Every structure is written in structure tokens, then in C-alpha cells.
Amino acid sequence: MANKNSKRMQWYRVDLHVHTPASADYKDSESPYVDILRRAERRGIDIIAFTDHNTVGGYAAMMAEIERLNFLEQTGRALADELRLLAEYRRLLDKVLVLPGFEFSATFGFHVLGIFSPQTSIRYIEHVLLSLNVPPDVLDEGNPAAGSTADVLEAYRLIDEAGGIAIAAHINSAHGVMMRGLNFGGQTRIAYTQDRHLHALELTDMHKRGRASTSRFFDGTKPEYPRRMHLIQGSDAHSLDTFTEGKNIRFGIGERVTEMLLKDRSFEALKALFASTDFSRTRPYNPDKKPYDFILAAREEGPSLVQSFHESIERKGGKLNNIIADVCAFANTNGGTIYIGLSRDKNQPIEGIKAVTDAIKVLEKEISRVLSPALEVDIDTQETQGKQIIRVLVPYGEDRPYAINDNQIYVRDEGETSLAVRDEIVNLVRQGMVFMRNEGNNGQETSLTSEVISEEILPTEPVMIDENEVAPPRAGAEIADVEERNDTRYYMIRDLRNGNIVKNVTRDSARRLWHYAIRQFDGNPVKEDKVEWANGIGLWRRYKKGGQMRYDLVQRDNGQIRIYYGVTENGMTGPWEAFLAPDEEEATS
């Protein structure tokens with residue numbers, strides 16, 4: 001159990017994607033390296049990384065120049081201009097931390113950033129590039145097309161195992177692993193953005209909100225992408241200052257950066273951030289806007305698969321028990337964040353928690369007492385609107401199933417916490433066994449990995465049905481079968497998020513979404529002529545639940561009609577997006 005207070009940290013401006021004259025396509029190829037540091041200082045940047053194409057040549061050239069100047073000074077041979085330049089380097093390097101790295105071109109042209117500690121030798125970083133099959137004769141060319149044959153996943157692994165930070169570069173644009181129009185299977189895309197050796201994703205639209213943003217895929221609510229990812233933005237600077245290239249704006253050094261809440265200005269602090277489950281410590285920097293309040297933003301989004309809200313921590317009325325149930329449910333599902341001191345209703349005033357220290361002690365003690373097996377959660381205090389809020393960061397639990405008082409097993413279903421039923425418990429046990437098996441692999445601890453995802457935790461690609469090859473949505477519930485025994489109807493429910501089948505569900509035992517599906521199935525059968533059809537799939541009903549839009553969708557399958565109840569927009573991709581209601585954020589922007 002950890003109790004951390006982010007007030008001990010401070011915000012730093014970070015640009016982890018900067019090219020230098022060592023990249024063949026760098027525009028200001030004749031500019032000295034000290035000018036890069038001057039630009040970074042002018043733009044208030046605290047940390048930058050030199051990430052030239054398939055080479056560490058830029059960082060090596062700057063360090064070689066500094067080493068030469070130091071030698072001249074020590075031997076008394078330095079001229080006045082050389083002494084001034086050395087003093088300028090020392091002054092700038094005292095203000096701006098420069099990290100060595102590279103931008104590796106993997107197979108299919110995907111780009112991966114590898115960033116290392118300044119204590120890492122240049123030869124060692126070059127060894128990583130050679131291990132990634134960058135030809136020795138082009139190691140210093142800075143060529144984005146270096147002829148490498150190493151895969152993206154191999155790049156993540158080798159960078160991570162070498163002690164570096166692996167970042168998928170500009171994933172939603174050219175040479176990014178999420179770029180649209182590439183004919184890759186869903187499992188491949190999942191692996192490229194969820195792999196356990198991958199530390200963060202670089203976006204070019206980090207400032208965007210709403211349905212059109214890339215970030216929505218990686219907040220832990222998308223069934224295809226259950227591992228929540230750290231998101232950053234960088235300048236990808238190929239020049240000192242911004243310039244236009246055709247219709248594209250190419251940013252200069254430090255002109256698109258991320259603010260990061262760090263313990264100090266160091267590589268170790270960066271790596272610790274990317275290893276943490278605190279996703280509020282990165283934000284796009286915009287000097288023209290007020291600082292981003294992540295608590296208000298979370299409340300605006302409302303309860304979801306990965307976040308919940310509680311007004312107080314009192315035992316009275318079972319409020320404390322409800323918080324502990326959420327801890328258990330998040331650990332058994334995708335992990336998540338619990339905010340205590342404000343209601344889920346964004347129209348209600350924020351009350352906050354008055355005796356914060358005492359409340360945290362109560363919470364820590366209760367989690368340790370009733371939750372088994374033991375789970376490491378982070379608890380801290382945050383401030384919003386002048387009120388103190390308690391925040392609980394719950395990791396994705398690997399020793400599942402987690403239980404309260406040994407026999408109450410909770411799971412998270414969209415924005416609700418519920419007791420798990422038998423078939424869900426069986427699946428949780430299977431997932432726990434997968435993690436145990438992977439832990440025994442070479443004695444290495446594992447986390448939510450692409451291997452584990454594809455093996456058992458997530459089902460394989462949804463099975464395509466014949467007509468138009470459109471897969472079912474990946475959220476909501478489907479009634480797969482009904483049988484009557486002893487005057488009671490028993491329903492077989494398919495959870496569309498993970499493909500699990502839950503049998504022997506009755507109206508009395510059904511949780512909210514299942515109860516809604518049963519009620520609609522029995523009392524409001526689909527009328528085909530009332531469906532809004534589009535090539536074999538259709539919209540039957542659109543409604544709001546808890547402030548969130550939900551959809552009842554239908555699909556023709558070999559002469560039958562399949563009905564998908566209570567689908568949220570997170571599960572509607574591909575052709576299903578045609579039925580989405582207008583995005584309120586986009587409509588008002």
C-alpha cells in the first residue's frame with residue numbers, strides 16, 4: 001500500500017522527439033548543436049531527447065564537441081571563442097536535460113523511439129541498433145529508410161531490456177502503428193500498442209477530446225485495448241523553428257511538448273512515471289490555456305469501466321464498503337481510478353474530504369483487512385475547485401480473482417460494480433493461471449502483455465459472420481439462448497466485451513444490463529421494418545442511461561436476427577460507427 005502526494009513533485013516541459021543535423025532529412029543541417037539547446041531554453045523546455053533516424057550520431061556529435069572543448073580548456077589551449085562556447089554549453093545543460101536516443105524504422109516502416117539515460121554509453125546504444133539489424137555501414141547516416149528487418153515488437157523488447165524507454169512514435173500519422181488504411185489484423189494492432197515492453201504512445205492529436213481523438217482508444221475502456229497507456233506528444237522537430245511542408249506544419253524544437261509531473265528532472269523520474277499507474281501526470285502543454293484539471297475532466301466523462309466516484313468514505317450507509325467493492329472490481333477487470341469526495345453527478349457541488357489523513361488511514365486499513373490476496377494500490381490527495389479529493393489508483397490485478405472477505409468477488413461492467421457470477425469467476429481463475437504460467441517463464445514477472453491478451457484474457461478476433469463480414473460490436477450483451485425449467489426461464493448471456501458466456505441467468509439474478517436485455521428481449525421484440533438498416537446491420541433503439549448514450553443494435557446472420565443490447569460507443573467501431581449519435585464535444589467545438 002502506497003500513499004503518495006503529488007505535491008512533492010513539479011511539472012516539467014518535455015520534448016522526447018527531437019532530430020538534429022545527424023538526421024539526413026534535418027532542415028537546418030548547418031546549424032551548430034548548441035542552437036538546439038538555445039531553442040529549447042527559449043521555449044522553456046526542461047527535458048529533450050535527441051532521436052535521430054536509426055542513429056545516435058547527433059547526441060554523439062554534441063558530446064564529442066563538448067569533450068573536445070573540455071580537453072582544450074584543461075590543457076590551456078582553448079581560444080576565447082571556444083571557452084565562451086564551452087561556458088554556453090555548461091549553462092544550457094544545467095537548464096536542459098538532454099537524453100540520448102534514436103528513432104528506429106521497423107519493418108513496414110513503423111517508427112519507434114528508444115530513449116536512454118545519459119549514463120548509458122553511446123557504444124551500448126549503437127549495439128542496440130545493430131541488434132535491431134541496422135546495417136553497420138549506415139549506422140551514422142541518419143537515414144529513415146535504413147533497411148532494417150526487425151519487427152516493432154522486437155524493437156520494444158530490445159529497448160526495454162537495454163534499460164531504455166520504448167515509445168511508439170506518432171502512432172496516428174505517417175509511419176505510426178495506428179495509422180489508418182493499413183491492412184493489419186486487429187490482434188496485430190493490439191500487440192503494437194499494448195505490448196508489455198512498450199512504455200508510452202506518442203500522439204499528434206493529444207489536445208483533442210471526443211470521439212475523433214486517438215486517446216479514446218487507450219484510456220482502458222476499449223475492449224480491444226484493455227491496457228491503459230501513457231500518452232505523450234513531441235515536436236518531431238526536423239528544424240530549429242516551425243516550417244510548412246506542403247499542407248503539413250512541421251514543428252520546431254519544443255513547439256509541441258508534454259508537461260510531466262516528476263519527482264525531479266531526470267531519466268529515472270521519467271521511467272518511473274511511465275511505469276506508474278498514475279495517468280494524470282502527463283498533459284499536453286498549451287501556454288494559451290489554463291492548466292488541465294484532470295479531476296474535472298474525469299467527472300465530465302462520468303463513471304466508466306476504469307473510473308468511479310464516491311461522495312464520502314463514511315461507513316454509514318455502506319459507503320466505505322462500496323469503495324472497497326470498486327477496488328476489488330477494478331483489480332478483477334482493467335484496473336481503474338476511484339475519486340472520493342465528489343459525486344458522479346457533475347451538476348452537484350464538490351464536497352471534498354475534510355480529514356484527509358484520517359480518511360486515508362481508514363481506507364488503507366480496510367483494504368488490507370478485507371481484500372485478498374494482497375493488492376498494492378496507490379492512494380493520494382488531489383485538489384480541485386479548492387476541495388481536497390482522495391484518489392485511489394487500482395492496478396490491473398494479476399493474482400486474480402480478488403475477493404472481499406474471501407468470498408465476495410466483484411467485477412466492473414461499464415460504469416457499474418457487480419458481484420461476479422459463476423462463469424465470470426471461472427474465467428477470472430483462468431486468467432490468474434495464465435499470469436502464473438507467464439511468471440514462471442524465465443523467472444520474469446509479467447504484466448498485461450500482448451501474449452497474455454491474445455492467449456486467454458481477451459478472446460481472439462471476433463468471429464466474422466457471413467453477411468458483409470462485419471464483426472459484432474465489442475460492448476453490450478446478447479441473449480444467446482433461452483431455456484425454461486420448472487416454470488423459470490434461464491437465459492444464456494454473451495458479454496460482447498470479452499466474448500464470455502454466462503449461463504443460467506434469471507430475471508431475479510440478472511445485473512442491470514442483463515436485466516434490461518432480458519426485459520427488451522421478452523417484451524419488445526425487434527420489428528425489422530422499424531430498424532434503421534445499413535448493409536445487414538442496423539439500429540433498433542438509442543437511449544440514455546446514466547448520462548451515457550447506449551444503443552440496441554441488430555445484425556442479420558444466416559437468416560436469423562442477432563440483437564445486441566446496451567452497446568456503448570466504446571464498442572462501436574467500423575461500420576457500427578454509422579449509428580452513433582452526433583458527438584456533443586465535436587458539435588460544440
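For the chain, the alpha carbon convex hull comes to 184 Å³ per residue, rounded to a whole number. When the charge dipole of the chain is built from unit charges on Cβ atoms (+1 for Lys and Arg, -1 for Asp and Glu) and taken about the Cα centre, the candidate among Val434, Leu92, Ala212 whose Cα reaches farthest toward its positive end is Ala212.
Note on Glu73 and Ile122: their simple-model spin labels are 1.8 nm apart, each label 7 Å out from Cα toward Cβ. Taking the charge dipole of the chain about its Cα centre, with +1 at Lys and Arg Cβ atoms and -1 at Asp and Glu Cβ atoms, the residue from Gly109, Leu72, Val370 reaching farthest to the positive side is Val370.
All other residues with a Cβ under 12 Å from the Cβ of Tyr490 taken together, and with Lys, Arg as +1 and Asp, Glu as -1, what is their net charge? Display every interim value, and only then the final one.
Values: positive: Arg485, Arg489, Lys503, Arg507; negative: Asp481, Glu483, Glu484, Asp487, Asp508.
Here the count lands on -1.
Helix content alone sets the calculated 222 nm mean residue ellipticity of the chain: runs of n ≥ 4 DSSP H residues at -39500 (n - 2.57) each, divided across all residues, give -8000 deg cm²/dmol. Electrostatic tally near Asn524: other residues with Cβ closer than 10 Å to its Cβ, Lys and Arg +1, Asp and Glu -1, net +1.
Packing around the peptides 500-510, 8-18, 229-239, 326-336, taken as the average count of other Cβ atoms within 10 Å per residue, puts them in this order, highest first: 326-336, 229-239, 8-18, 500-510. Distance between the C-alpha centres of the range 262-304 and the range 493-514: 36 Å, rounded to the whole angstrom. Shape index of the range 1-94: Rg/Rh, with Rg the Cα radius of gyration and Rh the Kirkwood radius from the inverse mean 1/r over Cα pairs, equals 1.09. Per the Debye calculation on the range 96-240 with a single equal scatterer at every Cα and no solvent contribution, log₁₀ I(q)/I(0) for q = 0.11, 0.19, 0.20 Å⁻¹ amounts to -0.41, -1.19, -1.30. Taking Lys and Arg as +1 and Asp and Glu as -1, the other residues whose beta-carbon sits under 9 Å from that of Arg562 total -1.
Would you please put 355-364, 400-409 in order of how densely packed they are, using the mean number of other Cβ atoms within 10 angstrom per residue and starting with the highest? It would help to have the intermediate numbers written out before the result.
Working: 355-364: 15.8, 400-409: 17.5.
Averaged packing, sorted descending, gives the order 400-409, 355-364.
Rounded to the nearest 10 degrees, the inclination of helix 80-95 to the longest alpha-carbon principal axis of the chain is 20 degrees. Taking a ≥ b ≥ c as the square roots of the eigenvalues of the alpha-carbon gyration tensor, the range 9-292 is classed prolate because a/c is 1.5 or more and a/b outweighs b/c. The label-point distance for Asp94 and Lys316, in a model that sets each label 7 Å from Cα toward Cβ, rounds to 5.9 nm. Over the chain, Cα pairs under 8 Å with separation of 6+ residues give a relative contact order of 11 percent.
Every Cα-Cα pair in the range 299-419 was counted, and those over 22 Å apart are 27% of them.
Averaging 1/r over every pair of different alpha carbons in the range 487-558 and inverting the result gives a Kirkwood radius of 13.8 Å. For helix 356-370, report the angle its Cα long axis makes with the longest principal axis of the Cα atoms of the chain; keep it between 0 and 90° and round to the nearest 10°. So the helix axis and the longest Cα principal axis differ by about 60 degrees. The residue list His230, Val14, Pro136 was ranked by how far each Cα lies along the charge dipole of the range 9-292 toward its positive end, using unit charges on Cβ atoms, and His230 comes out on top.
In degrees, nearest 10, range 0 to 90: what is the angle between the Cα axis of helix 33-42 and the longest Cα principal axis of the chain? Approximately 50 degrees, to the nearest ten. So if I place +1 on the C-beta of Lys and Arg and -1 on the C-beta of Asp and Glu, and nothing else carries charge, what would the dipole magnitude of the chain be about its Cα centre? I want it in debye, nearest 20. The dipole magnitude comes to about 1920 debye. Is any residue of the range 241-260 close enough, with backbone N under 17 Å, to a label point placed 7 angstrom from the Cα of Ala212 along the Cα-Cβ axis, and if so, which? The answer is 248-249, whose backbone nitrogens lie closer than 17 Å to the label point. Roughly how many whole Å is it from the C-alpha centroid of the range 69-139 to that of the range 542-564? Centre-to-centre distance over Cα atoms comes out at 55 Å. 3J(HN,Hα) couplings calculated from phi for the range 486-501 with the Karplus curve 6.51 cos²θ - 1.76 cosθ + 1.60 (θ = phi - 60°) are, in sequence order, 6, 6, 10, 8, 10, 10, 9, 9, 9, 7, 5, 5, 10, x, 5, 9 Hz; Gly and Pro show x.
FYI, it's all coordinate maths here, none of it is from the lab. Just so it is clear, the structure is predicted and the values come from calculations on it, not from any experiment. In this analysis, Cβ positions are derived from the backbone assuming ideal geometry, glycine residues included, and neighbour counts consider all displayed protein chains.
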